[in-house]
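Structure, as C-alpha cells:
The values are calculated or read from the model by the stated rules, or taken from the named source; none is laboratory data. All of these numbers come straight from a predicted model, not from anything done at the bench. Backbone-built Cβ (ideal geometry, glycine too); neighbour counts: all protein chains shown. Areas reflect the complete protein model, heavy atoms only, side chains present, ligands, DNA and RNA absent. Shrake-Rupley method; radii C 1.70, N 1.55, O 1.52, S 1.80 Å.
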Amino acid sequence: MLSRTADHLYWMARYIERAENIARMLDVNYRMSMVPEGDAGWGATLSINGLEQAFRAKHDEATAEAVLNFMVFDGDNPSSILSCLRMARENAHAVRGTITSEMWETTNDTWLRMRDYPRWKLAGSEIGEFFEWVKFRSHLSRGVTLGTMLRDEAFHFIRLGTFLERADATARFIDVKYHMLVDGKAPPDAAADYYQWSALLRSVSAFEVYRKVYRDLITPVKVTELLILNEQMPRSLRTSMVEVYENLQAVSNYRSKETQRRAGELQASLKFGRIEDVFARGLHEYLTQFIVRVNELGNRISNDFLVPMSAS
Amino acid sequence: MVHPSSIYDEMNGADGTVRAHYAGYQKWLAETPPERIAQKRAEADLVFHRVGITFAVYGEEEGKERLIPFDVVPRIIPAQEWKQLAAGLRQRVKALNMFLHDVYHDQNILKTGRIPAEQVLSNSQYRPEMQGVDVPGGIYAHIAGVDVVRAGAGEFYVLEDNLRVPSGVSYMLEDRRMMMRLFPELFSRHRVAPVEHYPDMLLANLRAVAPQGVVDPTVIVLTPGAYNSAYFEHAFLAQQMGVELVEGQDLFVRDEHLYMRTTQGPQRVDVIYRRIDDDFLDPLAFRADSMLGVPGLLQVYRAGHVTLANAIGTGVADDKSIYPYVPDMIRFYLGEEPLLNNVPTYMCRKKEDLAYVLAHLDELVVKEVHGAGGYGMLIGPRASKDEIARFRQLLTDNPEGYIAQPTLSLSACPTFVEQGIAPRHIDLRPFVLSGKDINMVPGGLTRVALREGSLVVNSSQGGGTKDTWVLEE
C-alpha cells in the first residue's frame, strides 16, 4: 500500500476519534457544571489540549460559552470538532478508492451535517444532544469500518489511528479530571463526590461498566484503575494499547521492529501493572510519561510507514 | 443555419414514425406510468449524490462538487451502425498512432509534403524530447476518446480525436449501472451489448504495453490529486482495476527506474496510466513549477524502463490545426479511404480561409486551436452581434490561434426536460484502446446539451449524460 494512502487512513481515523474525545471532554464539563459547586473545568480542557494560547488570542475568559464556541465550531482552531471532522473527510476523500463506499458516504455525510449543524443548538439545553450526535457519528464510522472493510493493511492502519488517538485522549482525560476532583480535597481512596465522579464515568460511557466491574461505591482509585488497567473496558489505556500493538504486528515491515518492541513493552506494562504502583509513583507522573511514550510511538509509526520514504 | 426540421432525431423519423431500434423502448415508455419514471429519476439523483459521482468545477468554492445531470432516456445505436462506426474508429486511431510514430522517427509524411512540416514541428504540442524514442509496440495513444456526432442517417463526423487524457469513461460505466438498477425490465426486453468489462480491458491493455522483459508489470493510475475535476474518475478506475491511485509525491526515480513509496518500502512501477498533462509530468524536463509530477521521470521513460499511457507528445496529433490532415494520414499510412467523415475545416492561418471565415462568421463555428471543454468558442448562428464583433477582432489579431467549421446540425435524442420529453442535441465519445490490438466496448459516453437548441454538450457548461446502448443483433 502507498505510504500516503496509509497516512490518510491513519489520520482519517485519528480525527474521527479525536472529535469524539473532544465531545466527551466537553460533555463532562457540561455535566459537572450542573452539579452544585462543581468546577466545570473549561480552562483545564484548554490547557490539557495545549490550546490555552490560541484561545487567549481570541477570547478573554474561559467561560462555558467561549470555550464551547472555540472547541466546537471554530474552524481556525485545528482541534475543534468542526476542524477534526473536516480533516477526517478530507483524508477520506483522498483515499475514497481504498475505503468502502459506505465508509466514504458516512464520513462525507458526517462532515456535511456538521458544517450545517444549527449553531444556536449549542447555547441551550440541546447541547447534550449535540455531543451525543458526535459520539454516534463516531460509533457509526467505526461500525461501518468493522462491518464493511476487508481485514487488510488499510483496515489495520485505520485501527492503529483509532487506538493510538484513544490511548492519548483517555490518558489526558484522566489526568485533568482526576486532579481537578481530588487535588487537596481528599485522599485518593476515600469516597468522593458521587455526582462529580459519576458524571466523569458517564462521559466515557463507563458508569454502568463501573457498577458491573466493582459492585461498589465509586472511589477515585477504582475509577482510575478501570480507565487505565482494565482489559475489558473499551476505552482504557490497556485495551487501546493492546489494539495498537496487534495492529502494528499486522502491518510490520522491514524497519518497524523497534516500534513494535516499544508498543509491546508499553502494552505489557499495562497488562502486568498494578494501580498501587501507579499511585506510588504518582498518577500525574505516570500519565505524563505514558503520553510521551504514546507520542513517540506515533512519530515512529509515521517514520516507519507513513511519511514518503526518501529515495536513498 | 440550423433548421429544427433538418435535425436528425435518433428516435423519431421525419415521417413521425418511431425508428425500428427504438420501437421496444417506445412501447415500454407508453406502458410505464409517468409517476414511476419520475420517481426513478429522483432516485437516480439521490444515489448519484450520495455516492458522490460528481465533478469539481474550477473557480467554485472549495470542496463544492456538482452532479452531472443524468438522463434516463437511453441513446440507442443499432448493431449495424455501430459496426461501421467501430471500423471507422479503429482505422482512424490506427492511423493516428502511425502518424505519431512517424513524427517522432523518420517523419516520412512531412518529407512527402502531405502535411507542412512547420505545422507539426513548430506546434507547441510537438515534443522534441520524444524524437527517436521507441515506445512499446509503437503505440502512443493507448486511450483515445474520439468525439463523434451524427448529422444524418449513417452520417458520422469526427469532431475531435482527444489523444491526451480523455475523460468521461466513468460516467459511461455509472450510467449503465444506474439504468440497470432503475429499469431492469428494459434490459430483459433488449439485447444491450455490455460495457462493464471496460476496466478489465483497460488493465489488460496497459499490461500489454509494459516495458520489454517485465513479466508481471505493476500498473498505477497517476492523478493530479483530490482537487482535480476528474478525481472521481481517477479513483474509480484505479479501484475498478485494482491498482494503486498515485500522486507525483508518491513516486521517485532511482537508478533510471521508477518507484512508489509503500508501507513495505519502495516498489517498482512499470506502467503509468497518467491523468496529468505532459507539461506537469516532470519538473526537470517540462514545467519547473509543477508539483504534480516526478523529477527525472522523462529520463526513466526515455530509457524504456516505464511506459506512459498515453505517451508524451500525443497532443501533436489531436491538435485542431492537425485535425484537417487526419483523412490524409489514413490514406498515407493505410492506403485506405477514411470511413468516418472529417468536418471541413478552415484554417485561419491561411489567408484565403481567414477571408472566408470573416465573411461568414454568422454561419460558422470558430474554435481555438488549443481550446477544450467548449470554452473560447463561437457558434455563429447563435451568437450575438457583440460576440461576432469580438471574434472578428480575435481572428484578425491572431489568425493562427483559430479554426472554423460549418455549424453541423447535431442529431437530437428525446430527453427528459421540465416540460416533459423533448429532443436535445447529443454527441458520442467512444473510448478506443490500443495495445497489442485495438479494442473498445460497444458505444461510449453520450453527452447531451440540456438547454434547448444548445450544441454545447460539455459538463462544465450544462451538459448531461445518457446511457448508450448498442443493440446486439
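A few notes on this one:
- Residue ID - surrounded by the fewest Cβ atoms within 10 Å (Cβ to Cβ), chosen from residues in the range A:115-146 that are aliphatic (A, V, I, L, M) and at pLDDT below 95: A:123
- Considered as a group, the residues in the range B:238-264 that are of a type outside the set (S, T, N, Q) and assigned to a loop (DSSP other than H, G, I, E, B) include one that is farthest from the other protein chains (Cβ to nearest Cβ), and that residue is B:256.
- Of the helices (runs of 4 or more DSSP H) lying entirely inside the range A:94-213, those containing at least 3 residues that are within 24 Å of residue A:33 (Cβ to Cβ) are A:127-148, A:153-182, A:194-203.
- Checked against (1) within 14 Å of chain B (Cβ to nearest Cβ); (2) of a type in the set (A, V, I, L, M); (3) buried (at least 16 other Cβ atoms within 10 Å of the Cβ), residue A:307 meets all criteria but (3).
- Tally of residues being touching a helix residue (DSSP H, G or I) at 6+ places or on another chain (Cβ under 8 Å) and over 27 Å from residue B:352 (Cβ atoms) across the range B:376-420: 1
Yes or no, residue by residue, for (1) part of a helix (DSSP H, G or I); (2) more than 16 Å from the chain's Cα centre (by Cα):
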site: B:114; (1), (2): no, yes
site: B:134; (1), (2): no, yes
site: B:164; (1), (2): no, no
site: B:174; (1), (2): yes, yes
site: B:179; (1), (2): yes, yes
site: B:194; (1), (2): no, yes
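- Boolean, residue B:386 is without any contact (Cβ under 8 Å) to a residue 12 or more places away in the chain, open to solvent by 10 Å² or more (accessible area, probe 1.4 Å) and more than 29 Å from residue B:89 (Cβ to Cβ): yes
- Pairs with Cβ under 7 Å, 6+ apart, first in the range B:337-354 and basic (Lys, Arg), second open to solvent by 30 Å² or more (accessible area, probe 1.4 Å): B:349/B:400
Matching residues to (1) open to solvent by 10 Å² or more (accessible area, probe 1.4 Å); (2) away from chain B (no Cβ under 14 Å):
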{"site": "A:3", "(1), (2)": "no, no"}
{"site": "A:7", "(1), (2)": "yes, no"}
{"site": "A:18", "(1), (2)": "yes, yes"}
{"site": "A:23", "(1), (2)": "no, yes"}
{"site": "A:64", "(1), (2)": "yes, yes"}
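- Residue check for residue A:228: within 14 Å of chain B (Cβ to nearest Cβ), open to solvent by less than 10 Å² (accessible area, probe 1.4 Å) and of a type in the set (A, V, I, L, M): no
- Candidate set: the range A:263-304, residues that are acidic (Asp, Glu) and free of Cβ contacts under 8 Å to residues at least 40 places away in the same chain; chosen: the one farthest from the other protein chains (Cβ to nearest Cβ): A:276
- Any hit, the range B:104-125, residues being touching a Ser or Thr at 6+ places or on another chain (Cβ under 9 Å), buried (at least 23 other Cβ atoms within 10 Å of the Cβ), of a type outside the set (Asp, Glu) and modelled with pLDDT of 95 or more: no
- Scanning the range B:171-182 for any residue that is under 13 Å from residue B:427 (Cβ atoms), in contact with a helix residue (DSSP H, G or I) (Cβ under 7 Å, 6 or more places away or on another chain) and in the same structural domain as residue B:83 (by TED's automatic domain parsing) turns up nothing.
- Considered as a group, the residues in the range A:242-255 that are at the interface with chain B (Cβ under 9 Å from one of its Cβ atoms) and open to solvent by less than 50 Å² (accessible area, probe 1.4 Å) include one that is nearest to residue A:272 (Cα to Cα), and that residue is A:251.
- Of the residues making up the range A:276-286, those that are of a type outside the set (D, E, K, R) and either in contact with a Lys or Arg (Cβ under 8 Å, 6 or more places away or on another chain) or surrounded by fewer than 16 Cβ atoms within 10 Å (Cβ to Cβ) (or both) are A:280, A:282, A:284.
- For the range B:204-227, the criterion of a residue being within 11 Å of another protein chain (Cβ to nearest Cβ), free of Cβ contacts under 8 Å to residues at least 12 places away in the same chain and not polar (S, T, N, Q) is satisfied by at least one position.
- Close pairs from the range B:251-267: first surrounded by fewer than 18 Cβ atoms within 10 Å (Cβ to Cβ), partner outside any strand (DSSP E or B) and among the hydroxyl-bearing types (Ser, Thr, Tyr), Cβ under 9 Å, at least 6 apart: B:254/A:312; B:264/A:254; B:265/A:254; B:267/B:218
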